[in-house]
Structure formats: structure tokens, C-alpha cells
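Bear in mind that the values in this text are calculations on the coordinates, not laboratory data. Only a predicted model underlies this, so the values are computations on that prediction, with no experimental measurement involved. Cβ placement follows ideal geometry from the backbone for every residue including glycine, while neighbour counts extend to all protein chains displayed.
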């Protein structure tokens, strides 16, 4: 399994996993938003990056990263906004490799932190996260808009 930056040819493989990810979180999106998002991943002027896990020619996982400044650091942070691995390869190291590649990306950009959030009920993902990261005890809130 190889991890690398997405290219335009990866869109179809990402798309099917993206839809499964959105279904898992019960978050339907219009196709135009998904198209816009993928375009941002490929735009060198956007602070967004898509890493993909490849098993041969198949995309079997992805990590969507957003780099941003922080009021608490000289250099930026990387927010691992989305991480998803196909059910067929779960438990085979793809998630861990995507997280490691995210950290490598952040280091290459001189970022000072990589962080992410997940739902409390996501026990499968949390089992991995508990092995590779610390849990700071923060609670996420969303403003009513």
C-alpha cells in the first residue's frame, strides 16, 4: 500500500470513498460541493491537500488536510479534517499510514501541530487514534447559524 498526494486521475476512486464517508456521518452534500472540494485539493494556491492510500491502482483510503495559521504558534497547524479507509482494507495499516503521511506533510511545511476530531461513537477509528495521538480533553462546539 502506497500513500501519496492525489492527482486529477484519483477523483473517481476518491469520489466513491467520499460518498461512503459522507454516508457514515449522515452528511449528504450536493455534488457541486464535492467537485469544488476536489478541485481545491489540486489547486496549489489552496491550503487544502488530499493524501490517498493506493493498493495497486485502487484508492482505498484518503486523508483531507487543511493547513492554517494559529494564534498560539509561530508556524501553522494541519487539521486532518477527513480520514476514511475502505472497509475491505481496515485493520491493514492504511489509516495509520495516512496519519503518518499527514504528520510528514506537516513537518515538511514546518507546521507545529496536527490535530483532528471524531465522533465519540466512532470506536473503530478511536482505537487507532488512541495509539497514535493524545486526547487533550477538548470539546467541540458548533455555533448556531
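Global size of the chain: 15.0, 44 Å for Rg and Dmax (C-alpha atoms, Rg to one decimal, Dmax whole).
Give the peptides 77-87, 25-35 in descending order of average Cβ contacts within 10 Å, highest first.
77-87, 25-35
With all pairs of separate Cα atoms included, segment 1-65 yields a Kirkwood hydrodynamic radius of 12.1 Å. Take the Cα radius of gyration of segment 33-111 and divide it by 2.2 N^0.38 Å, N being the number of residues; the result is 1.16.
Summing -39500 (n - 2.57) over the DSSP H runs of n ≥ 4 in the chain and dividing by its residue number, what mean residue ellipticity at 222 nm do you reach, to the nearest 500 deg cm²/dmol?
Numbers: 4 runs with 51 residues, N = 145.
After summing the helix terms and dividing by residue count, I get -11000 deg cm²/dmol.
Using alpha carbon centroids, what distance separates segment 1-64 and segment 75-145, in Å? The two parts, judged by their Cα centres, are 16 Å apart. Using a simple spin-label model with pseudo-atoms 7 Å out from Cα toward Cβ, residue 143 and residue 110 lie 3.1 nm apart.
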